[in-house]
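Take a look at the structure below.
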Amino acid sequence: MKLRQWWLSHIKAEHDPLTVTPYCSEGDGQDSRQALAEAIVDRLPGAVYCLSRNSKTLCFLSQGANVLLNGQTQALHQRAGFEMLVHPEDREHWHQTLAALSEDNQRYEILYRLAPGLGWHRPITWVLDRGVLRRRASGDTLEGVLLDMTGHQRRQQHLAHAAEHDAITGFLHRLPFLEYLENATREQEPGALLYFDIVRYSAINYSLGYQAGDSLLKQVAERIRACVSTDAMLTRLSADEFAVYLPDAERRHGVLARLMATLKPEYWLGRQSVTVDITAGVATDTHKGADALLRHARLALQHARAHNRLHAEYSVGLYEEDSAPLKLEQALRCALMRDELSMFYQAQVSAEDGRVIGAESLMRWYHDTLGEISPERFIPLAEELGLIAELGRWSLATVCEQIAEWDDKGIIVPRVSVNVSTLQLTSTLVDQVAILLARFDLTPDRLELEVTETQLIRDLTVSHHVLEALRAKGVAIALDDFGTGYSSLAYLASLPIDRLKIDKRFVDGVPERTPERGVIKAVISMAHALSLEVIVEGVETEQQWQYLREQDCHVLQGYYFGTPVDAQTFATRLVSPKG
């Protein structure tokens, strides 16, 4: 019979608690065999025990218990029972596991802590209790072994802590923090979330090295801990972003003030001292859930950054203000697919007699929920997002198709201008224009492209070649908003353009204001000298028309001759203006 079977089968409750039942077998050497068995059992790792199930008193305890219990086995025997060995917080689980045993030889396994205050050499000792129930007429016994699991548990706890906490700051990682935040918001705590970052932290990393950057993070974390109470939850959300959750929202102003003051003084990174700026965002709408709370705190942070403020608190108005660009961006990406864009036309008339000799096409965008959106808002955004080429293709195709449609109806508009961005001024644009003119059977003089003065000067070399190629094909080029940019004669004389468009702001004071009259005269004289046709925008009164006609201006455009309208309405207005 194996030794394990021997000590599990023959330890009996009626024997002396600290002796082992003799091994009864035939033959000589009985004493030596028992001594060997006792020596082996006493040297097994852990503590081998036999316990009365009913009284929970010890019947047997091996010498290995002296190592586990630091020599305090006698004190244990003087206690009320074995259960005094079990930590008070773990006793209920221990009792429940043992009470569930019912069959002979049924095994059990329990992980628990030893009770403190019994003289153990460690404040917390974890043991794995593995044993078996013995059902006997003389009384049930629990026979097993206690194995020291303290080192294993500490390693497990260390790994669990490392999995949930940042190694540099000791703060919670993002995911466990979000779980905590979910529970806090689910319980409708009136809390507050402070979300803040270190301005230009990456610059410190790059210039002083990552070791210095880590040192800065540790010092920041220490200062944050000093500013908050123990019930606050801390997290490092990214490289330079932190968050503090306060269960009591009323404390947010005081904590934020302490944080700003405490994080401002210099930090020593080796022999180098640095100061950093902190930007913070605050949100208190815990009733909307963890995700919304975190998102709103970050929106407040971004708002503070954008407006050069130290901190900002989230509100619905702030959200609407800061989320508007994103909404506009998403809507613009869908505008073409949803057929939300349209083209309006404004008449250009002869200054001499007021008859319509052309039109300017003006893109319009109407969104179902955002309403009418000004080109001053969506054109720069389209350029930023790289959508301007797509909008440009749509504009050219729409205008060429409309000219052809008017021609088919016998409505002749001699020339229609299309606004183009300098980002469109590539060889691709030249090909697009040629293809569209051929598709709709239009002569090149029916189309004019307008480029603003300020945009054109940004990349004059590339723009110059493209404009020359377009003019070579017979397409007219107009310089829009002249006088609002550089207005240099040096570059103006070299540009491949046909017309100058004088901006509305120079017309507003005509004919009453002397300065505006002087500018108008000078520009018209210069254009004549360069053999350029002049178009004046923003004509709103008969007096302005008469004055500009006297100055030998060629073409006029403005509300006096007609507001921008859709293609069908424009066709009905092709009559001579008032005069």
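The values are calculated or read from the model by the stated rules, or taken from the named source; none is laboratory data. The model shown is predicted, which means the values in this text are computed figures rather than measured ones. Glycine also receives a Cβ, built like all others from the backbone with ideal geometry; neighbour counts cover every protein chain displayed. The area values use the complete protein model at the heavy-atom level, side chains included, leaving out ligands, DNA and RNA. Shrake-Rupley method; radii C 1.70, N 1.55, O 1.52, S 1.80 Å.
In the stretch 348-434, what GluC sites (Glu not before Pro) fall in a loop by DSSP, with at most 14 other Cβ atoms inside 10 Å?
Sites meeting the loop and neighbour criteria: GLU352.
Once fully extended, how much extra length lies between SER207 and ARG251, figured as 0.36 nm per residue of separation less the alpha-carbon to alpha-carbon distance?
Answer, rounded to one decimal: 12.1 nm.
When the solvent-accessible surface of protein heavy atoms is calculated with a 1.4 angstrom probe, in what order do ASP368, ASP104 fall, highest first?
Per-residue accessible area, sorted high to low, gives ASP368, ASP104.
Suppose a student asked you for the relative contact order of the stretch 118-223, using Cα pairs under 8 Å spaced at least 6 residues apart; what percent would you report?
The normalised contact order for the stretch 118-223 reaches 17 percent.
Taking 7 Å along the Cα-to-C-beta vector as the label spot, tell me the GLU401-ILE40 distance in nanometres, rounded to one decimal.
Using points 7 Å along Cα→Cβ, the separation is 9.6 nm.
In nm, what is the difference between 0.36 nm times the number of residues separating ASP214 and ASN183 and their Cα-Cα distance?
8.1 nm
With all protein chains present, how much of the accessible area of the stretch 383-475 (probe radius 1.4 Å) comes from carbon and sulfur, to the nearest whole percent?
51
From the phi of every residue in the stretch 204-217, what ³J(HN,Hα) in whole Hz does the Karplus formula 6.51 cos²θ - 1.76 cosθ + 1.60 yield, where θ is phi - 60° and glycine or proline is x?
In residue order, the calculated couplings are 5, 4, 6, 7, 10, x, 5, 5, 5, x, 5, 4, 4, 4 Hz.
Return the loop-located trypsin sites (Lys or Arg not before Pro) in the stretch 272-321 (DSSP other than H, G, I, E, B) with at most 14 other Cβ atoms within 10 Å of their own Cβ; answer none if there are none.
Here the trypsin sites (Lys or Arg not before Pro) that fit, given the DSSP loop and packing criteria, are ARG309.
Can you tell which of TYR314, LEU293, LEU263 lies farthest toward the positive end of the dipole of the stretch 218-351, using +1 and -1 charges on the Cβ of basic and acidic side chains (Lys, Arg; Asp, Glu)?
LEU263
By the gyration tensor of its Cα atoms, with a ≥ b ≥ c the square roots of the eigenvalues, what is the shape of the stretch 324-419: rounded for a/c under 1.5, prolate for a/b over b/c, or oblate?
prolate
Which whole-number value in Å² is the accessible area per residue of the stretch 276-399, probe 1.4 Å?
Each residue of the stretch 276-399 exposes 47 Å² on average to a 1.4 Å probe.
Between LEU370 and THR230, take the C-beta separation as r, use R0 = 45 Å, and let me know the FRET efficiency to the nearest 0.05.
The calculated FRET efficiency here is 0.40.
Specify the inter-centroid distance of the stretch 209-248 and the stretch 152-207, based on alpha-carbon positions, in whole Å.
If you average the Cα positions of each part, the centres end up 9 Å apart.
So what is the relative contact order for the stretch 341-384, in percent, with contacts set as C-alpha pairs under 8 Å and at least six apart?
Reported relative contact order: 30 percent.
Find, among the trypsin sites (Lys or Arg not before Pro) in the stretch 355-409, those assigned to loop by DSSP (not H, G, I, E, B) with at most 11 other beta-carbon atoms within 10 angstrom.
Counting only loop positions with at most 11 other Cβ atoms within 10 Å, the trypsin sites (Lys or Arg not before Pro) in the stretch 355-409 are LYS409.
Could you please report the charge total around ILE168, scoring K, R as +1 and D, E as -1 over all other residues with beta-carbon less than 13 angstrom from its beta-carbon?
Summing Lys/Arg as +1 and Asp/Glu as -1 gives -2.
Could you pull the accessible area for LEU326 with a 1.4 Å probe, rounded to 10 Å²?
Only protein atoms counted, so the area is about 100 Å².
Heavy atoms only, probe 1.4 angstrom, no DNA, RNA or ligands counted: give me HIS161, HIS465 ranked by accessible area, highest first.
Ranking HIS161, HIS465 by accessible area, largest first, yields HIS465, HIS161.
Pairs of Cα atoms under 8 Å, at least six residues apart: use those to get the relative contact order of the stretch 388-477, whole percent.
Relative contact order comes out at 33 percent.
At 1.4 Å probe size, what's the solvent-accessible area of HIS307? Round to the nearest 10 Å².
Roll a 1.4 Å probe over it and HIS307 shows about 90 Å².
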